[in-house]
1. Taking the criterion of being β-branched (V, I, T), outside any helix (DSSP H, G or I) and more than 15 Å from the chain's Cα centre (by Cα), would at least one residue in region 203-220 satisfy it?
2. Restricted to region 203-217, and to residues that are without any contact (Cβ under 8 Å) to a residue 60 or more places away in the chain, surrounded by fewer than 20 Cβ atoms within 10 Å (Cβ to Cβ) and at negative phi, which residue is nearest to the ligand (Cβ to nearest atom)?
3. So the check is Cβ under 8 Å with 6+ separation or different chains; which pairs have a first residue in region 74-103 that's acidic (D, E) and a second one that's within 8 Å of the ligand (Cβ to nearest atom) and in a loop (DSSP other than H, G, I, E, B)?
4. Picking from D185, D175, D220, D134, which residue would you name as being more than 29 Å from R39 (Cα to Cα), surrounded by 12 or more Cβ atoms within 10 Å (Cβ to Cβ) and not aromatic (F, W, Y)?
5. List, please: which pairs have Cβ atoms under 9 Å, are six or more places apart or on different chains, and start with a residue in region 29-40 that is more than 16 Å from S100 (Cβ to Cβ) and end with one that is of a type in the set (V, I, T) and crowded, with 16+ Cβ neighbours inside 10 Å?
6. Does region 73-80 contain at least one residue that is over 15 Å from I194 (Cβ atoms), more than 15 Å from the chain's Cα centre (by Cα) and either of a type in the set (D, E) or within 16 Å of the ligand (Cβ to nearest atom) (or both)?
7. Looking only at region 94-105, count every residue that is within 8 Å of the ligand (Cβ to nearest atom) and either within 14 Å of the chain's Cα centre (by Cα) or under 20 Å from V161 (Cα atoms) (or both) and tell me the total.
8. Within the group A164, A139, which residue is exposed (fewer than 14 other Cβ atoms within 10 Å of the Cβ), under 26 Å from A226 (Cα atoms), among the hydrophobic types (A, V, I, L, M, F, W, C) and more than 11 Å from the ligand (Cβ to nearest atom)?
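Derivation of every value follows stated rules applied to the coordinates shown; laboratory data play no part. Everything numeric in this text was worked out from a predicted model, so none of it was measured. So basically every Cβ, Gly included, is an ideal-geometry build from the backbone, and we count neighbours across all protein chains shown.
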Amino acid sequence: MDKKELINCGKVKSVYNSTNDDEVIIEFRDDMTAGDGERKEVMNNKGAYNAIISSKIFKVLEENGIETQFIDLPEPNVMIAKKLEMIPIEVIVRNIATGSLIRKYPIADGKRLNPPIVQMDYKDDEYHDPMLNDSIIKALGIATQEEIDILTEKALKINEVLTAFLKDAGIILVDFKVEFGKDKDGNILLGDEISPDGCRLWDSQTLDMLDKELFRKGKDSEVMDAYIEVYNRIIPDDEKVI
Ligand code: C5P
């Protein structure tokens with residue numbers, strides 16, 4: 001698992017080339033950011049909790065026929081993954097209306113969305129991740145119609161599997177963001193991470209927030225307890241490494 005060179009330093013993860021050309025090494029750092037990276041704090045062990053949660057979710061998705069880039073988690077905050085050429089689209093699935101949806105559209109906070117909304121945003125901080133539509137995606141040359149359809153289908157399948165998995169842990173999957181990439185054969189795989197950083201997760205009983213929304217709202221002191229709560233609920237004791 002020798003790291004060769006840093007190929008991408010994102011807001012919370014660093015991606016390194018591996019000695020195996022088909023793989024990358026992803027280090028989950030302890031950084032937490034909000035507002036296109038304008039606010040940044042360091043949270044103790046956050047990288048490890050997110051890497052473990054994300055690995056578990058990717059394994060569950062694989063068991064349900066959704067291909068991901070996950071290969072292994074050799075250290076609590078280090079993932080070995082298939083190398084992908086990432087598609088610069090944030091695919092967001094919403095089961096309950098909240099967040100930017102209710103700020104932009106006349107829709108009630110907390111309204112259940114059935115069928116779920118699938119939204120695609122352009123992943124670009126400089127442009128503040130503007131929402132896309134099929135014509136814009138094709139005009140920008142980001143993806144073909146066939147690929148857009150694959151992203152939509154995969155995102156909805158992920159939503160189905162993840163909603164059921166989290167329900168068993170007493171968690172409501174309100175909404176989430178996923179990113180995809182192409183492997184060396186051109187197959188579209190789920191990449192990046194699925195963790196409390198990119199999901200809205202509510203406790204089924206109390207509706208308490210268990211995700212990064214706490215940080216966005218300035219409740220910094222509650223953030224790690226929420227992430228650890230998600231970890232404790234979805235990671236079986238014999239798989240707990242921290
Ligand atoms: O802010 P908004 O309501 O659009 O967020 C929808 C979902 O997408 C939330 O779960 C949020 O965590 C996630 N998201 C993200 N990264 C972004 C934008 C949204 O993970 N850049």
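1. The answer is yes; a qualifying residue exists.
2. K217
3. Pairs that qualify, where the first residue is acidic (D, E) and the partner is within 8 Å of the ligand (Cβ to nearest atom) and in a loop (DSSP other than H, G, I, E, B), are E90/K123; E90/D129.
4. The match here is D134.
5. R29/V12; D30/V12; D31/V12; M32/V12; M32/V223; T33/V12; R39/T33; K40/T33
6. Yes.
7. Total meeting the criteria: 1.
8. A164
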